[in-house]
1. Can you tell me how many residues within the stretch 98-112 are under 24 Å from residue 472 (Cα atoms) and either touching a residue at least 40 places away in the same chain (Cβ under 8 Å) or buried (at least 19 other Cβ atoms within 10 Å of the Cβ) (or both)?
2. Filter the stretch 132-149 for residues that are part of a loop (DSSP other than H, G, I, E, B) and out of contact with any helix residue (DSSP H, G or I) (no Cβ under 7 Å at 6 or more places or on another chain); which is surrounded by the most Cβ atoms within 10 Å (Cβ to Cβ)?
3. What number of residues within the stretch 303-318 are surrounded by 17 or more Cβ atoms within 10 Å (Cβ to Cβ) and either part of a helix (DSSP H, G or I) or in contact with a strand residue (DSSP E or B) (Cβ under 8 Å, 6 or more places away or on another chain) (or both)?
4. Select, from 251, 212, 258, the only residue that is in the same structural domain as residue 72 (by TED's automatic domain parsing), closer than 21 Å to residue 48 by Cβ, touching a helix residue (DSSP H, G or I) at 6+ places or on another chain (Cβ under 7 Å) and surrounded by fewer than 22 Cβ atoms within 10 Å (Cβ to Cβ).
5. Being more than 21 Å from the chain's Cα centre (by Cα) and not in a loop (DSSP other than H, G, I, E, B) is the filter here, so list the residues in the stretch 356-384 that pass it.
6. On the basis of being assigned by TED's automatic domain parsing to the domain that holds residue 229, farther than 23 Å from residue 397 by Cβ and buried (at least 22 other Cβ atoms within 10 Å of the Cβ), does residue 379 make the cut?
7. Give the number of residues within the stretch 15-40 that are under 23 Å from residue 391 (Cβ atoms) and either in a loop (DSSP other than H, G, I, E, B) or touching a strand residue (DSSP E or B) at 6+ places or on another chain (Cβ under 7 Å) (or both).
């Protein structure tokens with residue numbers, strides 16, 4: 001059974017929202033935060049009281065996909081509403097290398113792409129992005145100020161964000177040098193541990209912790225909002241490795257957790273207390289979110305602000321992170337970079353007082369492409385995209401959604417969610433077109449391939465993969481994209 005692409009692009013009646021009723025919007029995008037790394041979803045070792053409180057005051061969407069299992073393409077889906085089969089940015093693409101002074105940035109989001117920020121700016125919103133960008137370097141059309149954001153502060157380049165003590169950040173078009181932070185390589189490996197903990201901090205820390213500056217900038221920006229509605233996209237770099245955090249923040253976690261130092265064998269920089277460092281980073285993110293919520297409250301904005309907390313992909317396998325110790329991906333298979341559920345399924349917490357009922361959950365499948373129609377519907381006329389508006393789900397007016405499927409691709413992988421079924425291709429670089437099929441209703445951990453028992457479902461999944469994917473010259477999909485024959489001139 002072939003499901004045509006037009007199903008996901010079908011128009012619905014626009015919704016008009018008077019300016020006086022437009023909510024403020026805060027989207028917090030964590031970096032590599034796993035589905036199971038927050039307390040309201042079962043985390044036992046890391047305290048996240050602020051996120052848990054927001055969930056208690058709103059809704060958790062427990063079956064929600066990020067835009068991609070890695071950073072840049074996931075952010076592209078979030079901002080444009082185009083799934084990875086249509087999106088311009090479909091993988092991480094680097095403009096430079098790791099040496100000091102290397103060119104910054106990833107593949108730039110083209111000027112013709114329409115972002116959520118551009119739509120909201122046209123509707124009278126003040127717009128701001130703070131944190132990690134990853135969709136274009138300095139003086140490119142992908143720069144945040146060229147993509148609808150009035151104010152920008154943070155890392156333009158994802159490689160720069162591998163170090164929480166960088167030499168500089170960016171505020172709009174200006175490079176902001178950070179006092180006390182000299183350059184050092186953000187990927188190092190040691191053959192032997194250093195003699196004591198302080199030696200690690202002396203070697204791999206500096207004076208100014210970038211995430212603290214981003215928190216303060218966001219709070220200050222909220223504090224200066226007045227009459228106009230505002231949109232804050234807070235793209236925190238936490239808890240993406242490297243494992244770096246001011247050492248005094250480690251003391252809330254047991255020393256017995258860490259019997260061995262991390263020496264950099266899985267990339268990034270060494271740390272003497274890797275488990276404590278990772279937990280402290282996530283706890284720090286939660287504290288940052290608490291600071292944002294307090295600023296909303298003190299500014300009188302809290303009751304008219306739609307708050308979304310999510311993550312760009314699943315937890316990482318790199319940099320000394322012990323995902324098994326923290327049960328980071330919950331019951332799901334796979335990690336960052338994988339199109340299994342552990343790489344794609346992320347936290348999604350929504351708070352909107354008076355609209356979203358407190359303490360609710362939804363199992364309706366959703367994804368980052370849904371933010372464009374959802375946020376534009378609550379602010380004015382809905383902008384259609386590859387996604388679906390979640391407004392009726394959030395406001396408890398619907399328990400289902402008119403969605404035929406969800407689609408993801410990355411490098412040599414494809415994934416489709418169709419009802420309870422999940423189809424996965426993961427060896428396209430080897431020319432293997434085999435589809436593994438999983439029944440997520442009975443097998444959420446994707447342990448048993450049932451493709452041979454359900455050939456008709458597998459055939460449908462294959463048809464969806466073919467329909468959803470449009471070839472990209474910049475980000476080809478091996479074994480799926482057929483070479484285009486050049487016409488010979490006569």
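The values are calculated or read from the model by the stated rules, or taken from the named source; none is laboratory data. Owing to the predicted nature of the structure, the values given are computational and were not obtained by experimental measurement. Positions of Cβ are generated from backbone atoms using ideal geometry, with glycine treated the same way; all protein chains shown enter the neighbour counts.
1. 6
2. Filtering the stretch 132-149 down to residues part of a loop (DSSP other than H, G, I, E, B) leaves 133-143, 147-149.
Filter once more, so that each one left must be out of contact with any helix residue (DSSP H, G or I) (no Cβ under 7 Å at 6 or more places or on another chain): 136-143.
Details: 136: 25, 137: 22, 138: 15, 139: 11, 140: 19, 141: 13, 142: 23, 143: 22.
The residue in question is 136.
3. Total meeting the criteria: 9.
4. On the way: 251 fails: touching a helix residue (DSSP H, G or I) at 6+ places or on another chain (Cβ under 7 Å); 212 fails: touching a helix residue (DSSP H, G or I) at 6+ places or on another chain (Cβ under 7 Å).
None of the others qualify; the one that does is 258.
5. Of everything in the stretch 356-384, those that are more than 21 Å from the chain's Cα centre (by Cα) and not in a loop (DSSP other than H, G, I, E, B) turn out to be 360, 377.
6. Values: assigned by TED's automatic domain parsing to the domain that holds residue 229: yes; farther than 23 Å from residue 397 by Cβ: no; buried (at least 22 other Cβ atoms within 10 Å of the Cβ): yes.
No.
7. Taking the stretch 15-40 first, the residues under 23 Å from residue 391 (Cβ atoms) are 15-29, 40.
Okay, now just the ones that are also either in a loop (DSSP other than H, G, I, E, B) or touching a strand residue (DSSP E or B) at 6+ places or on another chain (Cβ under 7 Å) (or both), so 15-18, 22-29, 40.
Result for the stretch 15-40: 13.
Okay, residues lined up against (1) under 23 Å from the mean Cα position of the chain (by Cα); (2) surrounded by 22 or more Cβ atoms within 10 Å (Cβ to Cβ):
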| site | (1), (2) |
| --- | --- |
| 130 | yes, yes |
| 156 | yes, yes |
| 160 | yes, yes |
| 167 | no, no |
| 173 | no, no |
| 179 | no, no |
| 189 | no, no |
| 195 | no, no |
| 204 | no, yes |
